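Worksheet: the structure to be examined is printed underneath.
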Amino acid sequence: MQINDLLNHTSEWLKGTGPNSDIVISSRIRLARNLNKIPFPHWANKAQLDEVVDKVGQAMANVDLLKKSTLFELANLDSIDKQFLVERHLMSIEHTQKTEHKAVLVGEEEITAVMINEEDHLRIQLMQSGFNLFEAWNIINAVDDDLAKLLDYAFLADFGYLTACPTNTGTGMRGSVMLHLPALVMSRQIERVLAAIAKLSFTTRGLYGEGTQASGNFFQISNQVSLGHSENEIIENINGLIRQIIEQETQAREIMLSKSKEVLEDRINRSLGILKSARIITSQETIELLSMIRLGSDIGMIKDIDRRIINELFITTQPAHLQKLENKKLSSQERDLKRAELIRRKLNLL
């Protein structure tokens, strides 16, 4: 598989299927693992980092669920390719920095991805569309068990898996759910909700994870602490919180439909009108407007645009995707022109 092959594939997190997919975009389980007797990436020397890449690459080639994956060494990728993988949620922004002795393994269906030598030697990721944390855990647990037979993990009975960041020590697991919460944002309830989430020791991030702010009414919520909790406990705690947020977003949508339907309908149709006619549009404006027409589709105000089409536009209009589609580097202004052209073509053909 080549990176360009991903252009014609819908990312798992954008399929628009699975439980509660009108509000929950995706569910992700990530496991942090390190190899025994090799320093964590930030302290390892070049030879040790290369040893990790070799050992992990060989092990993954012998795990059934990873055999159809492709390993990309980051030093061989240009800046657009790296940004492209970040936009597809296959690796972190941090992993694009100082790319020598780093790699990322991408599964054929983009459900699995493994970052090698990011903060930890391995960051194993499993993503499912919709509200599916337990299913994601069952799959990634099987992958991790197979890898553990081939790799000597850094593990202590009293502490669990040893990780570069102490908050990951224990299970090494982070569960996260990506939510689309436009009604809570528009009704100005979101700050209260986010404050309550923080008090419960969960963290909220933006569309591209750590270090990013919420945009397009997307919020990524995950556990902060792993030590002292089992995997099932962590998932149950996240699920309980997410169910409450889903209920609050659902209620906010119902109230808006009953009390200010015309205002909501006007905002949704204005957003659609701009997207269908704009000649120049930025990435930020695009994601905000797409958020509104996704809401319109989810609540039945827009009936002729499928959620999956809207979801695909979220990713194909991102900077690296536009440049991959054009097969050349584009200036910011050129991207704004191409983005508007792509959106017009896609929406006006429906």
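The values are calculated or read from the model by the stated rules, or taken from the named source; none is laboratory data. Quick caveat: nothing in here was measured; it's all calculated off a predicted structure. FYI the Cβ positions are ideal-geometry reconstructions off the backbone, even for glycines, and counts take in every protein chain you see.
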- Please enumerate the residues belonging to region 108-139 that are closer than 29 Å to LYS46 by Cα, of a type in the set (A, V, I, L, M, F, W, C) and out of contact with any Asp or Glu (no Cβ under 8 Å at 6 or more places or on another chain). ALA113, VAL114, MET115, ILE116, LEU122, LEU126
- Which condition does ARG243 not pass, out of (1) in contact (Cβ under 8 Å) with a residue 12 or more places away in the chain; (2) under 20 Å from the mean Cα position of the chain (by Cα), if it passes all the others? (1)
- Among the residues of region 1-43, which ones are more than 20 Å from ILE315 (Cα to Cα) and surrounded by 19 or more Cβ atoms within 10 Å (Cβ to Cβ)? ILE29, ARG30, LEU31, ALA32, ARG33, ASN34, LEU35, PRO41
- Message: Criterion first (out of contact with any helix residue (DSSP H, G or I) (no Cβ under 8 Å at 6 or more places or on another chain), buried (at least 21 other Cβ atoms within 10 Å of the Cβ) and not basic (Lys, Arg)) does GLN284 satisfy it?
- Response: no
- Tell me which residues, restricted to region 156-190, are surrounded by fewer than 19 Cβ atoms within 10 Å (Cβ to Cβ) and either under 30 Å from THR250 (Cα atoms) or at pLDDT 95 or above (or both). SER187, ARG188, GLN189
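Between ARG335, ARG344, ARG307, which is basic (Lys, Arg), touching a helix residue (DSSP H, G or I) at 6+ places or on another chain (Cβ under 7 Å), outside the structural domain of PHE219 (by TED's automatic domain parsing) and under 19 Å from ILE23 (Cβ atoms)?
ARG307
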- Task: Run ASP336 past the list (1) within 30 Å of GLU249 (Cα to Cα); (2) of a type in the set (Asp, Glu); (3) assigned to a helix (DSSP H, G or I) and report the number of the one that doesn't hold.
- Result: (1)
